[in-house]
Amino acid sequence: MPVQWADVSYFQPIVTDEYPHPVLAIRANDGTYEDPAFEHNYEWAKESLAAGRLDLIIVYCVYRPNWEQTANTLMGMVGQPIDQLVVMIDVESWGGQIGGNHSTNINNLHKKLSDWLGNPRRVIGYGNKGDLDALWPNKPPGVALVVASYGGTTPTYPGMVAHQYGDNIACSPFGPCDANRADQHTVQTLLTTFGIRSRTREVLHDMERLPATGRPADPNSDPHTWPQRNYTVYFDAAGGWEGDCAIAFGCQDWGGRTADTTRAYLSIASWKMPGGSFEPVHEGDATPYTSGGGRAVGAHGPLSILGPWVAPHGAIGITFNYAAPGEGCVPVGRSA
């Protein structure tokens, strides 16, 4: 399921506990103009984070050429930033009010807000393709974008993490409002993309336990025929797990097999990248774990662990197709 959220300001009713999504975007300011609904909406959002109703708050400002005052207004309204906060810069021409290349100003605004939050990944942009191309052609490397397009098809754009697909979509308690959807993300991967630690899972430090699979009817059968499952271990970027780390695969013991020490089978291993794409795991120049070319894993001895493999920079997780009746595990991991 894609991650969805509404984008609201004082043009909509204030938010209540009827709001159904895990993410909410609220306007703070248009230049130096302070949105009258912000104080209530932001306080509700912080309380909802604490109560577990919400996973992420996006606070946004409308870009105006007085970029420094725009940044100061937003920071003054928010106060001390919280961990689950992302700031979005709304870049629009407003019917010709703003024209030309404003990259220097917008990048200065991005930098000031990034320094305030302590992580440039927590400052994202918004606009339609035309405005993003015309007003902000030279963007900071890797900046994540929400791209507006209401034509019924999902647009493509460099850095796009989400799509604003309508400005008149019903959402409780607001009624018609702007609606956004991150088709290639779960809440976890969206948080990771923004460099935010999920509060619903442990940080990956020394071991990540993978769920056990079904036990084979014949414990001594060929391991590649055992029941398998697909499972992704997400790296916690806020905890130092953002690619450039070494990951290995192992397994726990289980009784029943007498033919040898094999206790698991790794069929496929792939690095999960931002945007939902995958890259194969390599050992040197080889791609060892592909469909039909997996490897048995022993509980003890020299075959008791596969890897370690060094993740490509920017990887947000590693996906395994595996059979492990006694649980799989990621027993080795270190920040590079």
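Worth a mention:
- The set of residues in the stretch 267-295 being in a strand (DSSP E or B) and surrounded by fewer than 18 Cβ atoms within 10 Å (Cβ to Cβ) consists of Phe278, Glu279, Pro280, Glu283, Ala286, Arg295.
- Filter result (of a type outside the set (A, V, I, L, M), touching a strand residue (DSSP E or B) at 6+ places or on another chain (Cβ under 8 Å) and either closer than 25 Å to Gln97 by Cβ or touching a residue at least 40 places away in the same chain (Cβ under 8 Å) (or both)) within the stretch 134-158: Trp136, Lys139, Ser149, Tyr150, Pro155, Tyr157
- Annotation for the stretch 308-317: at least one member residue is in contact with a helix residue (DSSP H, G or I) (Cβ under 8 Å, 6 or more places away or on another chain) and of a type outside the set (A, V, I, L, M).
- Failed item in (1) free of Cβ contacts under 8 Å to residues at least 40 places away in the same chain; (2) within 18 Å of Arg209 (Cα to Cα), with Ala299 passing the rest: (1)
- Residue count for the stretch 102-133, restricted to those that are surrounded by 13 or more Cβ atoms within 10 Å (Cβ to Cβ) and not in a helix (DSSP H, G or I): 8
- Test: residue in the stretch 73-81 that is in contact with a Ser or Thr (Cβ under 9 Å, 6 or more places away or on another chain), buried (at least 17 other Cβ atoms within 10 Å of the Cβ) and touching a residue at least 40 places away in the same chain (Cβ under 8 Å): yes
- One residue stands out in the stretch 296-316 among those that are within 18 Å of Tyr231 (Cα to Cα) and in a loop (DSSP other than H, G, I, E, B): the one that is nearest to the chain's Cα centre (by Cα), namely Ile316.
- Selection over the stretch 150-165 of residues that are surrounded by fewer than 18 Cβ atoms within 10 Å (Cβ to Cβ) and under 20 Å from His21 (Cβ atoms) gives a count of 2.
- Pairing each residue of the stretch 208-230 that is touching a residue at least 24 places away in the same chain (Cβ under 8 Å) and exposed (fewer than 15 other Cβ atoms within 10 Å of the Cβ) with any residue that is aliphatic (A, V, I, L, M) and assigned to a loop (DSSP other than H, G, I, E, B), provided the two are 6+ apart or on different chains, yields C-beta distances under 6 Å for Asn220/Ala259.
- The set of residues from the stretch 57-105 being over 23 Å from Pro22 (Cα atoms) and small (Gly, Ala, Ser) comprises Ala71, Gly76, Ser93, Gly95, Gly96, Gly99, Gly100, Ser103.
- Contacts under 7 angstrom Cβ, first residue in the stretch 20-36 being touching a residue at least 24 places away in the same chain (Cβ under 8 Å), partner surrounded by fewer than 17 Cβ atoms within 10 Å (Cβ to Cβ) and small (Gly, Ala, Ser), 6 or more apart: Pro20/Ser172
- Test for Ala50: is it in contact with a Phe, Trp or Tyr (Cβ under 8 Å, 6 or more places away or on another chain) and either assigned by TED's automatic domain parsing to the domain that holds Asn138 or assigned to a loop (DSSP other than H, G, I, E, B) (or both): no
- Yes/no for Ala264 being part of a strand (DSSP E or B), modelled with pLDDT of 80 or more and under 15 Å from Ile318 (Cβ atoms): no
- The lone exception for Leu54 - which of (1) closer than 26 Å to Arg181 by Cβ; (2) at pLDDT 95 or above it fails: (2)
The values are calculated or read from the model by the stated rules, or taken from the named source; none is laboratory data. This one's a predicted model, so the numbers in the text were calculated from it and none came from an experiment. Ideal geometry is used to build each Cβ from the backbone, glycine not excepted, and the neighbour counts take in all protein chains shown.
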